[in-house]
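Before any comments, here is the structure.
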Protein chains: 2
Amino acid sequence: MKPESILELHLKNALSKCSSPGSPKRLHMAMHHAVFPGGARIRPRLCLAIADSFDNYDKNLAIAAAVAIEFLHCASLVHDDLPCFDDANMRRGRPSVHKEFDERLAILAGDALIVEAFRHLNNCQTRHFARLRLVLNLVTRSVGSVSGIIAGQAWECEKRASLEQYQREKTGALFEAAVMSGAASAGSEIENWRLFGEKLGEAYQVADDIRDVIAHPSDVGKPTGRDEVLGRMSSARELGLSGAVAYFDNLIDEVVASVPKFNNDAKLTKLIRNEAIRLVPKKGRIKVQKIDRKAFS
Amino acid sequence: MKPESILELHLKNALSKCSSPGSPKRLHMAMHHAVFPGGARIRPRLCLAIADSFDNYDKNLAIAAAVAIEFLHCASLVHDDLPCFDDANMRRGRPSVHKEFDERLAILAGDALIVEAFRHLNNCQTRHFARLRLVLNLVTRSVGSVSGIIAGQAWECEKRASLEQYQREKTGALFEAAVMSGAASAGSEIENWRLFGEKLGEAYQVADDIRDVIAHPSDVGKPTGRDEVLGRMSSARELGLSGAVAYFDNLIDEVVASVPKFNNDAKLTKLIRNEAIRLVPKKGRIKVQKIDRKAFS
């Protein structure tokens, strides 16, 4: 079985434990809609890839962390799509949760995915209590109100905000947690991985900003051009399209360079390079050049 | 210092760790508005009262559990008050969070209180890892989508639901968790306390239903008569007012009787009896009689 399919199986199993025959059906359907079918599942894949690059990692803990991180990512998308935030009707090529169900179930499904992420993680079969506590701390912090996703999202409600901090919290924080949780599940020093996670998170956000300008909604499965419409901070708006692409390429080089020296796992570097191609493909680069030529002619 | 003031201090300290000088201010203000000033703080007080009735309880763990439970309770109120649910403009005598700030900050403040509750609990200073994991499991389950607050709330989105299950999940579950977490922080067998928590949670829900009919908004600090308007399930609607009061009295007797035999802490019984008087006071009972006489005359 391919690693991707195994991950999907773990997510499915975890989600099945979020309901019982006697629990409210529509809530579970809304949660399912939020998690399946997924996107690239890059955060959990990263977590597992880092863990797997160590010999003696705690497999149950790494998998539980990966699942929790994906649940939390999905929860953030469901709440972000709500009418009072992005008002996005589509996600991953299908109606967003509040469109398919209603606002109440979208709020509850998001809440439930947050709670169940932590329940799942806490209840994983492990004897490495200290590692588990470290992972729980990394993951809660990465979505929390100090410097996590929720803090990032909350900058949209402030008069002034820095683009860098906004992106680091809204996107980077969970990438960092995914990477560091992978290392923590192996009992490895997590600080060695912070820079890697940070740079990678930033690269993803920049790629997302670029795609918001150049991609067609059918390519990314959600509305595009939203940053402009909503007047939101974006690297593409700040650096220009070509500038953003150059910045992205530079970030990917930095990511690869920041893999700790003791870790010579070629699979990890390959994963990063492939993701970079998926995120900003050749077709997209040609489009950027065309748009920029048009703008300057 | 009174136990109440000490609890407020712990809540204040915990909330102060939910932000930093560089984090978004309005989010923190919204979270503060959700937690302070509080209501009766009955759930955390119960948790601490149970813990305190044992000689060798883990004080840090019990306090962290109490704080987490109160954060989760406040989070559920903030999301319940939203326009798409109860559409309640007032809470604890002040504008609800979405009225004082906006819907976005109400959703984020609720999300943040959930996340920070678990972060706080996980990070408490304890060497009792097994007890901590048990408390984390009890608390996550009590608010989750299988049989916790979120499941309870989700019954409002289903065509059919049982009043008993709805109330047990929406209110009872967190009471049960509060009681059982108190026992768990002392390493005591939690199952001895399930019935006590269950009955007490039910009593609170029945009292809330009664007050929704007879109380003035200024007495309870939130809109009343909402069950009728929203067509929601309620003991007062199902049993009639006098029936609901009799049922409440019976439940309180059952609560007191279900205190485990080995635990002869008179303080606990006193707390329950005093709470019963606070919840359905003499004035309210007279009002119930008057309303019932009117209905039958």
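Residues considered: A:L72, A:L77. Of these, the only one that is touching a strand residue (DSSP E or B) at 6+ places or on another chain (Cβ under 7 Å) and either part of a helix (DSSP H, G or I) or more than 10 Å from chain B (Cβ to nearest Cβ) (or both) is A:L77. Scanning the stretch B:174-189 for residues that are surrounded by fewer than 24 Cβ atoms within 10 Å (Cβ to Cβ) and either of a type in the set (A, V, I, L, M, F, W, C) or assigned to a helix (DSSP H, G or I) (or both) yields a total of 1. Those residues that are acidic (D, E) and in contact with a Ser or Thr (Cβ under 8 Å, 6 or more places away or on another chain), I need them from the stretch B:72-113; list them, please. Selection gives B:D81 alone.
Of all residues in the stretch A:143-161 being facing chain B (nearest Cβ under 7 Å) and of a type in the set (V, I, T), which is surrounded by the fewest Cβ atoms within 10 Å (Cβ to Cβ)? This residue is A:V146.
From the list A:A203, A:A236, the lone residue that is surrounded by 22 or more Cβ atoms within 10 Å (Cβ to Cβ), closer than 24 Å to A:L77 by Cβ and touching a residue at least 60 places away in the same chain (Cβ under 8 Å) is A:A203.
Could you list, in sequence order, the residues of the stretch B:24-38 that are in contact (Cβ under 8 Å) with a residue 60 or more places away in the chain and facing chain A (nearest Cβ under 9 Å)? Even if it seems obvious, please write down each step before you answer.
Taking the stretch B:24-38 first, the residues in contact (Cβ under 8 Å) with a residue 60 or more places away in the chain are B:26-27, B:29-31, B:33-35.
The answer is B:R26, B:L27, B:A30, B:M31.
Per this entry, B:F196 is counted among residues that are of a type in the set (F, W, Y), out of contact with any strand residue (DSSP E or B) (no Cβ under 7 Å at 6 or more places or on another chain) and closer than 30 Å to B:Y57 by Cα. Filtering the stretch B:35-59 to residues that are more than 21 Å from B:R278 (Cβ to Cβ) and in a helix (DSSP H, G or I) leaves B:A51, B:K59. Going through (1) more than 7 Å from chain A (Cβ to nearest Cβ); (2) more than 16 Å from B:C47 (Cβ to Cβ); (3) charged (D, E, K, R); (4) not in a loop (DSSP other than H, G, I, E, B) one by one, B:D86 falls short only on (4).
Counting only residues that are over 19 Å from the mean Cα position of the chain (by Cα) and of a type outside the set (D, E), the stretch A:233-256 holds 12 of them. Of all the residues in the stretch B:111-135, those that are closer than 22 Å to B:P44 by Cβ and either more than 7 Å from every other protein chain (Cβ to nearest Cβ) or hydroxyl-bearing (S, T, Y) (or both) number 12.
The residues of the stretch B:23-34 that are surrounded by fewer than 17 Cβ atoms within 10 Å (Cβ to Cβ) and either within 18 Å of the chain's Cα centre (by Cα) or part of a loop (DSSP other than H, G, I, E, B) (or both) amount to a single one, B:H32.
Just so you know, in the stretch A:136-185 the residues that are in contact with a helix residue (DSSP H, G or I) (Cβ under 8 Å, 6 or more places away or on another chain) and basic (K, R) include one that is nearest to B:D102 (Cα to Cα), and it is A:K170.
If you go through the stretch A:96-109, how many residues are buried (at least 24 other Cβ atoms within 10 Å of the Cβ) and either modelled with pLDDT under 95 or at the interface with another protein chain (Cβ under 7 Å from one of its Cβ atoms) (or both)? Counting residues in the stretch A:96-109 that are buried (at least 24 other Cβ atoms within 10 Å of the Cβ) and either modelled with pLDDT under 95 or at the interface with another protein chain (Cβ under 7 Å from one of its Cβ atoms) (or both) gives 3. Checking A:A130, A:A161, A:A154, A:A173 one by one, the residue that is in contact with a Pro (Cβ under 6 Å, 6 or more places away or on another chain) and farther than 21 Å from B:V143 by Cα is A:A154 and no other.
The values are calculated or read from the model by the stated rules, or taken from the named source; none is laboratory data. This one's a predicted model, so the numbers in the text were calculated from it and none came from an experiment. All Cβ positions, even for glycine, are placed from backbone atoms using ideal geometry, and neighbour counts span all protein chains on display.
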